[in-house]
1. From (1) in contact (Cβ under 8 Å) with a residue 24 or more places away in the chain; (2) part of a loop (DSSP other than H, G, I, E, B), pick out the condition that doesn't hold for Ala79.
2. Do you know which of the residues in the stretch 134-181 that are among the small types (Gly, Ala, Ser) and modelled with pLDDT of 80 or more is surrounded by the most Cβ atoms within 10 Å (Cβ to Cβ)?
3. Please return the ranges of helices (runs of 4 or more DSSP H) entirely within the stretch 188-286 where 2 or more residues are within 26 Å of Ala162 (Cβ to Cβ).
4. Can you name the residue in the stretch 31-56 that is among the hydroxyl-bearing types (Ser, Thr, Tyr) and surrounded by 17 or more Cβ atoms within 10 Å (Cβ to Cβ) and, of all such residues, is nearest to Ser13 (Cα to Cα)?
5. Looking at the stretch 231-242, which of its residues are surrounded by fewer than 24 Cβ atoms within 10 Å (Cβ to Cβ) and of a type outside the set (S, T, N, Q)?
6. Does Ala93 satisfy being at pLDDT below 80, farther than 26 Å from Ala175 by Cβ and not in a helix (DSSP H, G or I)?
7. Within the stretch 57-71, does at least one residue satisfy the condition of being surrounded by fewer than 19 Cβ atoms within 10 Å (Cβ to Cβ), touching a residue at least 60 places away in the same chain (Cβ under 8 Å) and either hydroxyl-bearing (Ser, Thr, Tyr) or in a helix (DSSP H, G or I) (or both)?
Amino acid sequence: MNYLAIIVITFISGVVGTGLGGLVGAVLRRESNKIVSLLLSFAAGIMLAVVCFDLMSEPIEMMKSGEMGWYTPLIVVAAVIVGYALVYLLNIAIDKKTNREVKHIDENHPATADDLDELIHADHFETHKREKSNLFVAGLVMMTAIALHNLPEGMVIGASYAITPNLTSNLFSGAGFVMAIVIGLHNIPEGMAVSVPLISGGMGKTKATLLTALSGLPTVFGALIGYALGGINQIMLTLSLGFASGAMLYVVFGELLPEAILMWKSKLPALSLFIGVLVGFLLVMF
C-alpha cells in the first residue's frame, strides 16, 4: 500500500508536473523570465529548508536517541558529498552534450540582418528546414537530460517518506509531501524548456506535451529506490537521506539559484528565496 501511494504521489509530481510545463510551453511558446525566476528561487528556498531542517537533522535525532553512534554526522557528510558529486558529474555530462547541440545549431544557421528577405529563396528554405531539425534534436537532448535529472529528485521524495512515521495516515504531510509539491513546481519550467524546442522543431503540440510528461517518469523510479533503501536499516536510511540531501543541495546552489539570478538580475529572487526558506520551515515544523 505504501509503495502504491508513493507511486501515485511521485507520478503527479514528476509526470504531471513536467507535463503541465510542457502544456504551458505548447500554449504560450514563450515564458516570463521574471515569473519563472521567482518560482525557481522560491522552490529553492523550500528545498533548502527541508534539507537543513528535516533530512539532514533526522540522523542527528537518531544519534541523540541512541539509535545511531557518534559517527553519524560523518556518515551524513560523506553521503551528502557523494550525492552532490554524482549529480554534479551527471550535469557536466548533460551540459557538454547540450552545448554541442546548441553550437551545432548556431553553426548551421547564424543569424543575419537579411534573414527575413532570404526566406523567399529556396536555398534559405533548406537552411530553415535544417534549423528546425536541429531544434528538434536539441529538444530531445533536453528531454533526456531532464529525465536523467529526475531520478535523484525522485530519490529525495522516497527518502523523505522513509522517515515519515505511519505513512498511510501521514501521506499528505511531512517532508515527503512537501518535497513532492516543490519538485512538481520545479518541473513546470523544466517541462517548458523541453516542449518549446520540440514544437519549434516541427513536432505537434500534443505529441510534444506527452513526450515532455514522460521525461518526468524517472521520478517515480527514483522515489521507489529511495524509499526501499531507507527502509532496510538505520544506516541505509542515513545514507539515503544524506545522498538525497546532497543531490538537492546541488540542484539548489548549482542550478535553481544561478538560473533564477540570470533570468532576472534583481533583488527580488533573493527575497523569494528567503520567503521560500520560511515557508519550508513552517511546512516541516507543522
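1. (2)
2. Within the stretch 134-181, the match that is surrounded by the most Cβ atoms within 10 Å (Cβ to Cβ) is Ala159.
3. Details: elements: 205-214, 218-230, 234-250, 257-263, 268-285.
Fully inside the stretch 188-286 and qualifying: 218-230, 234-250, 268-285.
4. Looking at residues that are among the hydroxyl-bearing types (Ser, Thr, Tyr) and surrounded by 17 or more Cβ atoms within 10 Å (Cβ to Cβ), I get Ser41.
5. Answer for the stretch 231-242, where residues must be surrounded by fewer than 24 Cβ atoms within 10 Å (Cβ to Cβ) and of a type outside the set (S, T, N, Q): Gly231, Ile232, Ile235, Met236, Leu237, Leu239.
6. No.
7. Looking for residues that are surrounded by fewer than 19 Cβ atoms within 10 Å (Cβ to Cβ), touching a residue at least 60 places away in the same chain (Cβ under 8 Å) and either hydroxyl-bearing (Ser, Thr, Tyr) or in a helix (DSSP H, G or I) (or both), one finds at least one in the stretch 57-71, hence yes.
Conditions tested, residue by residue: (1) out of contact with any helix residue (DSSP H, G or I) (no Cβ under 8 Å at 6 or more places or on another chain); (2) within 30 Å of Leu140 (Cβ to Cβ).
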site	(1), (2)
Leu214	no, yes
Gly230	no, no
Met236	no, no
Leu239	no, no
Met248	no, yes
Leu262	yes, yes
Lys267	yes, no
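The values are calculated or read from the model by the stated rules, or taken from the named source; none is laboratory data. Remember, it's a predicted structure, so these values are computed and weren't measured experimentally. FYI the Cβ positions are ideal-geometry reconstructions off the backbone, even for glycines, and counts take in every protein chain you see.
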